[in-house]
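Data block below; observations after.
Just so it is clear, none of the values below were taken in a lab; they were calculated from the coordinates. All values derive from a computational prediction rather than experimental measurement. Positions of Cβ are generated from backbone atoms using ideal geometry, with glycine treated the same way; all protein chains shown enter the neighbour counts.
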Amino acid sequence: MERRTFIKGIAAGSGLLLASTATFTSIARADDDEPVHHLENRANPSTLEKKHVPVLEAPSTVKKGEWFTVNVKVGYLIEHPSKENHWIENIELRIDQWKLAETEYEVGALSAPWAEFKIRLNHDAVLKARAECNIHGTWESDPVQIKVT
Ligand SMILES: [Fe+2]
């Protein structure tokens, strides 16, 4: 199967309503070669977890085809530092294992550990966020279920 056809199938299967046909190629399979950290100890999270696990904020219910905002903040209990030598380099928004969008911060100190995405859906979906720290690796949020009415 050609890659473009495969990607179209995934986009349709995920319930994603794309803004234009040109964006079909922007959905890329995630690079899952690197380890991804999750919140392991909910009862007693470590300082690393508090500062690195991203939290994804989105409405639980949206209207089919209407744009809505998804905010991602890093970390979920303590804001991650933004210093010249330690910062969040990358924040991704995902549907299942598929990367929908990402933002990159090339330098520290000048970029907040947040991102805002505007998306729309035509079916229920599960969203996740990933954040990459330049020192402490990649961290994934809890999944967030979005219901489309
Ligand atoms: Fe860090």
- prompt: What is the dipole size for the stretch 26-112, taken about its Cα centre, with +1 at each Lys and Arg Cβ and -1 at each Asp and Glu Cβ, in debye to the nearest 20?
  reply: 460
- prompt: Could you give the nm distance between label points at residue 145 and residue 97, where each point is 7 Å from its Cα heading toward the beta carbon?
  reply: 2.2
query: At residue 124 and residue 69, where each label point lies 7 Å from the Cα along Cα→Cβ, what is the point-to-point distance in nanometres?
result: 2.7
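I need the GluC sites (Glu not before Pro) found in the stretch 81-149, filtered to DSSP loop residues with at most 10 other beta carbons within 10 Å of theirs. List each step's numbers first, then the result.
Numbers: sites: 84, 89, 92, 102, 104, 106, 116, 132, 140; in loops: 84, 106.
Sites meeting the loop and neighbour criteria: 84, 106.
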